[in-house]
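Asker: Pasting in a structure now, in structure tokens, and then I'll have a few things to ask.
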């Protein structure tokens, strides 16, 4: 990893169980950036308060100034670690990383949200079978991307695309949304992420039981 620049502590509005917030924190841990964390609990509507809407009118988390988790990760790499292979300078490789980030926000995370948010926030007692089928299609594409890239989402090593996508798929497994054993490349990649992401146990693993319990308790 290329040398990272000095920095001052940044304020990050987050919710600890949110996969997109965890993506940002996992990346920051690996590049040596620390945050002053400000909790925003969406289940309690704290993202809709007038105070928070002044910070982020889109009322989403995470927020660092403004921007979703993928924008924050690009910002962190550009400001603090411009030479890191986590966001490669090679334009061909970077284009692949950007493609995977776009795939995440436009397809994978979008379809995941359509599948589970009705259960988490709208009182649905089961997942829609058609939406589950659509999400499984996105997982199959991800599995193919990992295979063609040499073991990770966009390259043969971890990039910010892996940080963005890993926490979503980790939620999928914890919440028992889909049986991932059918996706051989995803299973191998997840083992690699868990081994190489420095903050996995602290930021990710310890929250999975809470994430699982909250989701399963809402199913009929």
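Asker: Collect the residues in segment 23-44 that are more than 13 Å from residue 11 (Cα to Cα) and under 21 Å from the mean Cα position of the chain (by Cα), keeping them in residue-number order.
Answerer: Those that are more than 13 Å from residue 11 (Cα to Cα) and under 21 Å from the mean Cα position of the chain (by Cα): 23, 26, 27, 29, 30, 31, 32, 41, 42, 43.
Asker: Which one of the conditions (1) at negative phi; (2) touching a helix residue (DSSP H, G or I) at 6+ places or on another chain (Cβ under 7 Å); (3) touching a residue at least 40 places away in the same chain (Cβ under 8 Å) does residue 140 fail to meet, given that it meets all the rest?
Answerer: Here residue 140 clears every test but (2).
Asker: Another one. Just the residues that are outside any helix (DSSP H, G or I), in contact (Cβ under 8 Å) with a residue 40 or more places away in the chain and closer than 19 Å to residue 25 by Cβ, please, taken from segment 61-99.
Answerer: Step one: filter segment 61-99 for residues outside any helix (DSSP H, G or I), giving 61-68, 81-90.
Retained after the next criterion (residues that are in contact (Cβ under 8 Å) with a residue 40 or more places away in the chain): 61-64, 68, 81-88.
Matches in segment 61-99: 61, 62, 63, 64, 68, 81, 84, 86, 87.
Asker: Out of 168, 119, 187, report the one residue that is surrounded by 17 or more Cβ atoms within 10 Å (Cβ to Cβ) and under 19 Å from the mean Cα position of the chain (by Cα).
Answerer: Answer to the check: 168.
Asker: Quick check on my filter: what residues within segment 147-165 are surrounded by 24 or more Cβ atoms within 10 Å (Cβ to Cβ) and either in a helix (DSSP H, G or I) or in contact with a strand residue (DSSP E or B) (Cβ under 7 Å, 6 or more places away or on another chain) (or both)?
Answerer: 160, 161, 162, 163, 164, 165
Bear in mind that the values in this text are calculations on the coordinates, not laboratory data. Bear in mind that the values here come from a model prediction, so they are computed numbers and not experimental data. Heads up, the Cβs are rebuilt from the backbone with ideal geometry, glycines too, and the neighbour counts pull from every protein chain shown.
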